[in-house]
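Q: Okay, handing you the structure first.
The numbers here are math on the coordinates, done by the rules we state, and not lab data. If you're wondering where the values come from, they're calculated on a predicted model, not measured in any experiment.
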Amino acid sequence: MAPGDDARGITGAQMAAREEATLRYPGSDLVFEDAYDEGQGHGFDNLDRSALISRWWRTDAEPRAVFDWFRHELTSRGWKEQGDSCSELAFFHRDRASFAVVIRRHEWWAWWPPGTPDGPGTFYEVDYSDRSFESQDTGDR
């Protein structure tokens, strides 16, 4: 649990205020933001009960430059990159927290946040999550 987190669980607002949540590739424009409190549930079938701040960004930079920048910023702060990172997805973890950077492509079948501009550029999603408890089950704390 980070300083300022509540013993009842971490809120999305608390996640948004953390230093890592403010990371963005220089010159990126915020496109969309969403947050979830710990225990609320999100992701596939709402099974992930961690607190989450999710932000979508747009930049003129190439995807590789975005990944390299995040890799440097996060590893210099003590985050470890997971071995299953690939060309359009990078995972990092520290303690119970996780950080994902995902390059998003305009595909006809993919969900896009409301108000996302069309046109050139690299769109990327940053998902930062954490939990104050060992298990994903929040039934009885």
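Q: Kindly identify the range 12-130 as rounded, prolate or oblate by the Cα gyration tensor criterion: order the square roots of the eigenvalues as a ≥ b ≥ c, call it rounded if a/c is under 1.5, otherwise compare a/b with b/c, prolate if a/b is larger, else oblate.
A: Taking the square roots of the gyration eigenvalues as a ≥ b ≥ c, the range 12-130 is oblate.
Q: In terms of the Cα gyration tensor, with a ≥ b ≥ c the square roots of its eigenvalues, is the range 7-53 rounded because a/c is under 1.5, prolate because a/b exceeds b/c, or oblate?
A: oblate
Q: Enumerate the calculated ³J(HN,Hα) couplings along the range 120-127 in order (Karplus 6.51 cos²θ - 1.76 cosθ + 1.60, θ = phi - 60°), each rounded to whole Hz, writing x wherever the residue is Gly or Pro.
A: Once rounded to whole Hz, the list reads x, x, 9, 9, 9, 10, 10, 10.
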